[in-house]
Every structure is written in structure tokens, then in C-alpha cells.
1. Which residue pairs have Cβ atoms under 7 Å apart, sit 6 or more places apart or on different chains, and have a first residue in the stretch 187-209 that is farther than 17 Å from ARG32 by Cβ and in the same structural domain as ARG162 (by TED's automatic domain parsing) and a second that is outside any loop (DSSP other than H, G, I, E, B) and of a type in the set (Ser, Thr, Tyr)?
2. Conditions first: (1) of a type in the set (Phe, Trp, Tyr); (2) assigned to a strand (DSSP E or B); (3) out of contact with any helix residue (DSSP H, G or I) (no Cβ under 7 Å at 6 or more places or on another chain). PHE183 passes all but one, so which condition is the exception?
3. Mind telling me which of the residues GLY45, GLY28, GLY20 ends up being assigned to a loop (DSSP other than H, G, I, E, B), over 26 Å from the mean Cα position of the chain (by Cα) and either in the same structural domain as PRO74 (by TED's automatic domain parsing) or surrounded by fewer than 16 Cβ atoms within 10 Å (Cβ to Cβ) (or both)?
4. Among residues belonging to the stretch 144-178 that are charged (D, E, K, R) and in a loop (DSSP other than H, G, I, E, B), point out the one that is surrounded by the fewest Cβ atoms within 10 Å (Cβ to Cβ).
5. Among the residues of the stretch 249-283, which ones are closer than 22 Å to TRP150 by Cα and among the polar types (S, T, N, Q)?
6. May I ask you to list the residues in the stretch 115-167 that are modelled with pLDDT of 95 or more and β-branched (Val, Ile, Thr)?
7. If I filter the stretch 258-279 down to residues being in a loop (DSSP other than H, G, I, E, B) and touching an Asp or Glu at 6+ places or on another chain (Cβ under 9 Å), which single residue comes out as surrounded by the most Cβ atoms within 10 Å (Cβ to Cβ)?
Amino acid sequence: MYNLEDTPDFYDSMEYSTIGNFSADASGRLPRGVYRGTFSVDKPGDTYLSFECWGKGLVYVNGHAIGRIWEIGPQQTLYVPGCWLNKGDNSIMVFDILGPSRARSRGFRKPQLDKLRAPGRIQHREEGIQPDLTAETPLLAAEFKPGNGWLEQEFGQPVQARYICFEALDSHNSDDRAAIAEFYILDDNGERLSREPWTIAWVDSEDVEQGNHSADKLFDLQESTYWSTAPGSAFPHSFVIDLGSVRNISAIQYLPRMEHGAPGAIKNYRVYVKTSPFSRSGS
């Protein structure tokens, strides 16, 4: 794991290629990464830049951080004060961790604040379908301590796995909710695996009605966001992560929600691992 220096100078120090050297993948996205360009202004003034065709990330104009973007909205524009613009050429830099469908932005006189573009499948589950764990033996059964801050649990010895099922059995808060701010898996050297190829294969519950607490928040690099189960769904709660390939793993790291009292803090839990997908029941 590497921490990026989130400054314009750091991004300017990178080597760039022209956009024509890249093509979209099967989902229609260009590669994730840092995009840099210029635009011309005849008469500087307050404006709003649209980022509808971008994924999720940060935007700088002339070295000024103007805000974060996320394709689902509802805000699709960022405000740029006229005092930060130059007559003539201006620079723009977008750090997109998902990848845009088109690498372009347009200026508007008014903001676009109410255009929700939720993906077709925010939730990572199919109704009535769940992993069948009846024939599986947990690799780990343990208990997390209460409170905030990172917690780590080793497996005892490294194992090979591609699919990780984490099952929360109850919480320290004596309610029905489970929540995790960040989740890591360590390799056989005790180092954190890259989470770039990870995907959520399944989750039993995620709160996308009262807030944006879907399961992909487990590894979105933001400790202030979190996965949370929906209210009214009973324990046990579980999710399955696909690591993208078979890896040697030795431990998990878990960060509860950062608020006082860590709402949804998990107490007892089990971890199951497989090199092939878990069997499914209910299909």
C-alpha cells in the first residue's frame, strides 16, 4: 500500500501520455488514473464545470482543489470562482479512481445539483440468493474488542484463497446493525494486499436508503465512509469479497466506524475462505 501525495506538484511530476493511446474497457470506461488538460477562457468569471462522464475522484483547476466528484450525483457540477481562472489558458487535472466514460468537462452558468445517476445495481446481492456455508468450516472464529481504531486478527498460518466470506454474528451495541469503515487482508509477509482488483461478490444487507453505505465502502480508501447493514435486518450479517486471483493470506484488519461509540461495532465473527466461489442457496 502506498500513500499518494495529494498535491498539484505531485501530479505535475508524473509522466503523461496522450488520450489517444488509451481505449475503453468492456464496461465503457477509460483507464483509472490522473488526467490533465487545458481550456481557454475569454473573460474570467464564476462558473460551474460538469463532470457527468467521470467516475469518482478529485479535481484541480490551476492548482486549486475545487472538489470531489462521483458519477452517481446528485451533484454533477463543481463551482470554480472567477478569481482562480486566467484569461487565456487554464489547467485542469482530474484524479479518477474509477475511470471516465469520456475525458471531457463543460462549463455551465448554473449548477447541476439534482441529477441522480445511480448505477443499475447499487446493491451487491440478488433477492433470495446467499452463499451456502452449511458444509464450510470457518478458518477463523474470534471476537473483536470494543472501541475505535484498527484491529487485526491473524489466521495462525497462511492459507490460499480468492474468496473471503466475513460473517458478523453480533455487535457490541446490542442492536441489529453491523458496520465497517475499512477492511484489509494481509499476505503471507504481513503486508496489505492491493485492493484494486477486489470486488464485492455478495452481501446480505447494505443501507442504501438512509445513506450511501453500500458494501464497496469496505475498501474505498476513505475512513470516513462505511458499509452498514440496513435497519431491521437481523444478525448474522455477511459479505463475500473476490480478491481477483488466488492469493496467500495470513490475517484480516478491520476498522470500525469512526464516530464515538463506534455504532455497528462487530463483536463475534467468523471468516471462511475458498479458492473457488462459494456455493449458493436459494437459486
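1. Qualifying pairs under 7 Å: ASP187/SER250; ASP188/SER250; GLY190/SER250; ARG192/TYR184; ALA201/TYR163; ASP204/SER238; ASP207/SER228.
2. All conditions are met except number (3).
3. On the way: GLY28 fails: over 26 Å from the mean Cα position of the chain (by Cα); GLY20 fails: assigned to a loop (DSSP other than H, G, I, E, B).
GLY45 is the lone residue from the list that is assigned to a loop (DSSP other than H, G, I, E, B), over 26 Å from the mean Cα position of the chain (by Cα) and either in the same structural domain as PRO74 (by TED's automatic domain parsing) or surrounded by fewer than 16 Cβ atoms within 10 Å (Cβ to Cβ) (or both).
4. To start, the set of residues in the stretch 144-178 that are charged (D, E, K, R) comprises 145, 152, 154, 162, 167, 170, 175-177.
Subsequent filtering for residues that are in a loop (DSSP other than H, G, I, E, B) retains 145, 170, 175-177.
On the way: LYS145: 10, ASP170: 17, ASP175: 12, ASP176: 17, ARG177: 24.
The qualifying residue surrounded by the fewest Cβ atoms within 10 Å (Cβ to Cβ) is LYS145.
5. If the condition is that a residue be closer than 22 Å to TRP150 by Cα and among the polar types (S, T, N, Q), then SER250, GLN253, ASN268 are the ones that fit.
6. THR137, VAL159, ILE164
7. To start, the set of residues in the stretch 258-279 that are in a loop (DSSP other than H, G, I, E, B) comprises 258-265, 267, 275-279.
Those left that are additionally touching an Asp or Glu at 6+ places or on another chain (Cβ under 9 Å): 258, 263-264, 267, 277-279.
Values: MET258: 14, PRO263: 17, GLY264: 26, LYS267: 18, PRO277: 13, PHE278: 19, SER279: 13.
Across the stretch 258-279, the extreme among qualifying residues is GLY264.
Here's the yes/no breakdown for (1) modelled with pLDDT under 95; (2) in contact with a Ser or Thr (Cβ under 8 Å, 6 or more places away or on another chain); (3) assigned by TED's automatic domain parsing to the domain that holds ARG192; (4) surrounded by 15 or more Cβ atoms within 10 Å (Cβ to Cβ):
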{"residue": "VAL34", "(1), (2), (3), (4)": "yes, no, no, yes"}
{"residue": "ARG68", "(1), (2), (3), (4)": "yes, no, no, no"}
{"residue": "THR77", "(1), (2), (3), (4)": "yes, yes, no, yes"}
{"residue": "ASP96", "(1), (2), (3), (4)": "yes, no, no, yes"}
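The values are calculated or read from the model by the stated rules, or taken from the named source; none is laboratory data. This is a predicted model, so every value here is computed, not measured. Here Cβ is always computed from backbone atoms with ideal geometry, including for glycine, and neighbour counts include all displayed protein chains.
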